[in-house]
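Undergrad: Starting off with a structure, shown below.
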Amino acid sequence: MAERILIVEDEINIATPVKTYLEKAGFDVDHALTGADALRLMEATPPNLIVLDLNLPDIDGLEVCRRIRASSQVPIIMVTARDDDIDKIVGLEVGADDYLTKPFNVRELVARVKAILRRAPTTAQPIGGVLTHGGVSIDRGRHEVMLNGAVVQLAPKEFDLLWTLLEERGNVLTRDQLLERVWGYTFAGDTRTVDVHVRQLRRKLGDDCPVVTVWGVGYKVGDDAAPA
Ligand code: CA
């Protein structure tokens, strides 16, 4: 049975090509024009993934996302018309799995949908291990990050990003490499997602955040900090 995608978008000229491409990629696609429609369709024909526009005529996309999250862990890709919205949404932690800024390449959206759905069934992370750097310690088995002995709440992608950079300690990873390793994209796409998540890590870990910007290249964790 084909996986079902729900597009929530009031602009027909955006929704139509998205629907067409997703159908060509083998998905069953539902389209809701409003937030209320989306919540109704969620119940009637539960989707495997939702592409959710932030700016809807009735209920705000963020509110729709919150209401869906109250009862479901279905993957959600949020779409916004403005770049700085992404910072805001990530900061609010409403529980979206990914973000795209309009105008976006429809093939990129399809690539992201596929990447997320490939990952979705493997929610259990069997690989354990603990990595530390200065006052930061990240425990993969317990999915827990400690900052100077206190637990810090990280979003799943922030966690994976920090783990990946610590695992590759001393090596620079480009934004494209990080997108591929953490988000699972093979499509060279919107690398801003990486920057937004690094900003969140710095906000949450403060001066202890081990992630260093390597200008013009990407990010790394230095290999010079002694464990606390
Ligand atoms: Ca809209």
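Undergrad: Mind giving me the nanometre distance, one decimal, between the label points for Arg119 and Glu93, set 7 Å out from Cα along Cα→Cβ?
TA: 1.7 nm
Undergrad: Magnitude of the Cβ-charge dipole of the chain, K/R +1 and D/E -1, about the Cα centre, nearest 20 debye? Can you show the working numbers first?
TA: Values: 27 positive and 35 negative charges, 83 e Å.
Dipole size: approximately 400 debye.
Undergrad: Looking at the P(r) of the stretch 130-221, how many percent of alpha-carbon pairs lie beyond 18 Å?
TA: Details: 1598 of 4186 pairs.
Tail of P(r) above 18 Å: 38 percent of Cα pairs.
Undergrad: Please give the contour-minus-distance gain from Glu43 to Val172: 0.36 nm per residue of separation, less the Cα-Cα distance, rounded to one decimal in nm.
TA: 41.9 nm
Undergrad: If you take the beta carbon distance between Asn13 and Arg199 as r and set R0 to 25 Å, what does 1/(1 + (r/R0)^6) give as a FRET efficiency, to the nearest 0.05? Write out the running numbers ahead of the final one.
TA: Values: r = 32 Å, r/R0 = 1.29.
Step by step, r from the Cβ atoms, then E = 0.20.
Undergrad: What translational D, rounded to a whole number of µm²/s, comes out for the stretch 54-184 from Stokes-Einstein when the hydrodynamic radius is the Kirkwood one over Cα pairs, at 37 °C and 0.692 mPa s?
TA: Calculated translational D: 199 µm²/s.
Undergrad: Any idea what the alpha-carbon Rg over 2.2 N^0.38 Å comes to for the chain?
TA: That works out to 1.06 for the chain.
Undergrad: Explain nothing, just the number: dipole magnitude of the stretch 22-83 about its Cα centre with +1 on each Lys and Arg Cβ and -1 on each Asp and Glu Cβ, in debye rounded to the nearest 20.
TA: 180 debye
Undergrad: Sticking with this structure for a sec: When N counts the residues of the stretch 51-102, how does its alpha-carbon radius of gyration compare numerically with 2.2 N^0.38 Å, as a ratio?
TA: On the way: Rg = 10.0 Å, N = 52, 2.2 N^0.38 = 9.9 Å.
Dividing the Cα radius of gyration by 2.2 N^0.38 Å gives 1.01.
Undergrad: Report the semi-axes of the equivalent ellipsoid for the stretch 1-111 in whole Å, largest first, where each axis is √(5λ) for an eigenvalue λ of the Cα gyration tensor.
TA: On the way: eigenvalues 72, 56, 33 Å².
In descending order the semi-axes read 19, 17, 13 Å.
Readers should treat all values here as calculations from the given coordinates under stated rules, not as data from a laboratory. All values reported here derive from a predicted model rather than from experimental measurement. Heads up, the Cβs are rebuilt from the backbone with ideal geometry, glycines too, and the neighbour counts pull from every protein chain shown.
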